[in-house]
1. Treat the count of other C-beta atoms within 10 Å as a stand-in for reagent exposure and order TYR232, TYR161 from fewest to most.
2. Please report, in whole Å³, the volume per residue of the convex hull around the C-alpha atoms of the range 4-78.
3. Running Debye on the chain with equal point scatterers at the Cα sites and no solvent, what base-10 log of I(q)/I(0) appears at q = 0.08, 0.16 Å⁻¹?
4. Of LEU125, LEU24, LEU222, which has the largest mean-square fluctuation in a 10 Å C-alpha GNM of the chain?
5. Starting from the eigenvalues of the Cα gyration tensor, five times each then square-rooted, give me the equivalent ellipsoid semi-axes of the range 130-222, largest first, whole Å.
6. Report, in deg cm²/dmol and to the nearest 500, the calculated mean residue ellipticity at 222 nm for the chain, where each DSSP H run with n ≥ 4 adds -39500 (n - 2.57) and the sum is divided by the residue count.
7. Normalised radius of gyration for the range 196-344, please: alpha carbon Rg relative to 2.2 N^0.38 Å, two decimal places.
8. Quick one: which of 106-115, 275-284, 165-174 comes out on top by average Cβ neighbours within 10 Å, and what's the full order, highest first?
Amino acid sequence: MLTDRQLLILQILIDEYIQNAEPLGSRSISKRQDITFSSATIRNELADLEDMGFIEKTHSSSGRIPSEKGYRFYVDNLLSPVEMRNKDMKRIHSLFHEKMLELEMLIEHSANLLSEITNYTSIILGPEVYETKLKHLQIVPISKGTAIFVLITDTGHVEKYTVELPDVMDASDLERTVNILNERLKGVPFSHLKMKLQQEVQGLLKTHLHNYEKTLDFLAQLFKNEKSDKIYYGGKTNILNQPEFQDVEKVKALYNAIEKQDLIHQLLHQGNTDKINVKIGAENTIQEMKNCSLITASYSIGGQHMGTLAILGPTRMEYPRVIGLLDLLSKDLTRVLTQRYYSN
């Protein structure tokens, strides 16, 4: 159990190190106006905090820096609600006043805005398309035997594919097929489309098309039950501005890791979706992120989890400010998406 004096010294050391990236010694701490005890007393307390694993010495300085255990204690016990900067709040709120028709554009702008405000790297996992519902579909011919297949979800997300049409499908067959699909599949969750196709649409195709088997096989391929949630990045190069990442090889390894979408999917799907999650250093399951902290927040529609917002930076991160920004943005995004959902 830390004493009040140790708590104060630990908080000062972490706050100062987050701002300046410089190890702190007893003399620097003693000069603060809120410190009323001597340098000798501070040295003793720093030694005790080091013995308990909350801080550590650097190899090149007698000053101390926070350890991962220290950061974890700081996040769990010492953070107080941060007063949001007015300019940050205005920028986030203004994002949702813009008349953006497509969800993808809104998510992309959110990722860029987060990285600009924080000077860290932002990662956003877009809505999980196969947990949403079909609103409308189109199959638009672009040349003989080739068409664009368009799926529009109830959240405004658009999926587009270039497809090869069955050789038995003429223009009238295509029109009938699209009409049947829109009539029978509107409002169906994407995860159930293939099942619905087999249970209900198959019989209608058999009634209205001469060569329905090839058309059915074609549609079954289109509705394969695959994940299609998209990852958006903002400020990938911001990590270069952090003194912890001047090692080129370390930065290369980190870049390669965040480019692996399967790893990022796995990482952003972890944690409690009902609260802000903070992973510090080795708590991250990806080895290349062991010198980083990752803070995540979820956004939803009508209480259903839809995606994840994340900020990636050094363990020396401005935790109070980043947590406040993510909390604000996730709530605004949830509110706007829910309004869209119920107005459809």
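Throughout, read-outs are computed from the coordinates displayed, never taken from laboratory work. Fair warning: this is a prediction, and the values are worked out from it, not measured in the lab. All Cβ positions, even for glycine, are placed from backbone atoms using ideal geometry, and neighbour counts span all protein chains on display.
1. Ascending number of Cβ neighbours within 10 Å: TYR161, TYR232.
2. 86 Å³
3. After summing over all Cα pairs, the log10 values are -0.52, -1.29.
4. Highest fluctuation of the listed residues: LEU222.
5. Computed over the range 130-222, the values are 20, 16, 10 Å.
6. -13500 deg cm²/dmol
7. 1.45
8. 106-115, 275-284, 165-174
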